[in-house]
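What follows is a set of notes on a single structure, which appears directly below.
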């Protein structure tokens, strides 16, 4: 089984102004003369971790990571103003231009797969290849599955009830949760954000992993992830109806590897299956005995294998 590459530190990091309000944290790791690859984190509202650098051979890749608007080390922290999908796509292109990169590979998981696909459909000539994990197509049914009493709640009804118990009057809707999290009662907003995040992260691994849950749901992480996710979800991820699948012709020639856990409860496997059917130049790798998380043994193995294969592709 492939394991993470050794820990490494950035050789370059900076804050980049993308408008009059937002500054993005950007870092580069690995080989400055290597093949450029962009890592896009999940969420919305997540942020990059030190392990995210380690999917790529540091001797062969110029690894670019960034925290999306309002996330991680980007400023202002938690800001939802001017925070929409099209702005994030524009941010990625600004990063590419600032770093003077002609083409790059793009790697994204969960919401990162959504953003990677929209970016590639907007700028197909700039993307050498795609590696995507835990596909989220950003449709209303994809949101409903996890956060509006859909299929995930039937698989983990006990976890779901613990989330409902925090909401006044069991208001099991994304809109109700969002209204609380952006409301004036900051104590209740924090409780809802924490419960939202714990519910989602508990669903991420096939085998329960409390250490994984604890590491991903600290107060600051929960605050940004829950509020950002709800913000995007009540706005249908700022996408038109079925936008990603309807525009797959724009990226049909981009080599694409899709890795998806067979038992992914957060983003069901049919998301990956439908995308694969629309992309003739894609390969779908089923990560057996796996859920949604990138750190699960089989999924990590397949993702690292995919980044090794990317090196064989031309990247100018």
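The values are calculated or read from the model by the stated rules, or taken from the named source; none is laboratory data. Quantities reported herein were computed from a predicted structural model and do not represent experimental measurements. No Cβ is skipped: glycine too gets one built from the backbone with ideal geometry, and neighbour counts run over all protein chains shown.
Restricting 102, 82, 51 to those that are surrounded by fewer than 22 Cβ atoms within 10 Å (Cβ to Cβ) and on the phi > 0 side of the Ramachandran plot reduces the list to 82. The residues on offer are 255, 280, 268, and the sole one that is assigned by TED's automatic domain parsing to the domain that holds residue 61, at negative phi and under 16 Å from the mean Cα position of the chain (by Cα) is 268.
Within region 26-46, how many residues are under 13 Å from residue 88 (Cα atoms) and in contact with a strand residue (DSSP E or B) (Cβ under 7 Å, 6 or more places away or on another chain)? Matching residues across region 26-46 total 2. Restricted to region 241-280, and to residues there that are free of Cβ contacts under 8 Å to residues at least 60 places away in the same chain and touching a strand residue (DSSP E or B) at 6+ places or on another chain (Cβ under 6 Å), the residue that is surrounded by the most Cβ atoms within 10 Å (Cβ to Cβ) is 279.
On inspection, residue 190 passes the criterion of being assigned to a helix (DSSP H, G or I), over 30 Å from residue 299 (Cα atoms) and out of contact with any strand residue (DSSP E or B) (no Cβ under 7 Å at 6 or more places or on another chain). Filtering region 218-233 for residues that are part of a loop (DSSP other than H, G, I, E, B) and modelled with pLDDT under 95 leaves a non-empty set. The combined condition, being part of a helix (DSSP H, G or I) and assigned by TED's automatic domain parsing to the domain that holds residue 284, is fulfilled by residue 121. For region 152-168, does any single residue satisfy the condition of being part of a loop (DSSP other than H, G, I, E, B) and loosely packed, with under 15 Cβ neighbours inside 10 Å? Checked region 152-168: at least one residue is part of a loop (DSSP other than H, G, I, E, B) and loosely packed, with under 15 Cβ neighbours inside 10 Å. If you filter region 191-209 down to residues that are more than 19 Å from the chain's Cα centre (by Cα) and farther than 18 Å from residue 161 by Cα, you find that the one that is surrounded by the fewest Cβ atoms within 10 Å (Cβ to Cβ) is 207.
Checking every residue in region 181-188 against the condition of being more than 16 Å from residue 292 (Cβ to Cβ), touching a helix residue (DSSP H, G or I) at 6+ places or on another chain (Cβ under 6 Å), at pLDDT below 95 and surrounded by 17 or more Cβ atoms within 10 Å (Cβ to Cβ) gives zero matches. Based on this model, can you work out whether residue 70 counts as crowded, with 24+ Cβ neighbours inside 10 Å and over 17 Å from residue 27 (Cα atoms)? In short, no. Could we say that residue 208 is out of contact with any strand residue (DSSP E or B) (no Cβ under 8 Å at 6 or more places or on another chain), farther than 28 Å from residue 73 by Cα, part of a loop (DSSP other than H, G, I, E, B) and assigned by TED's automatic domain parsing to the domain that holds residue 153 here? Criteria met by residue 208.
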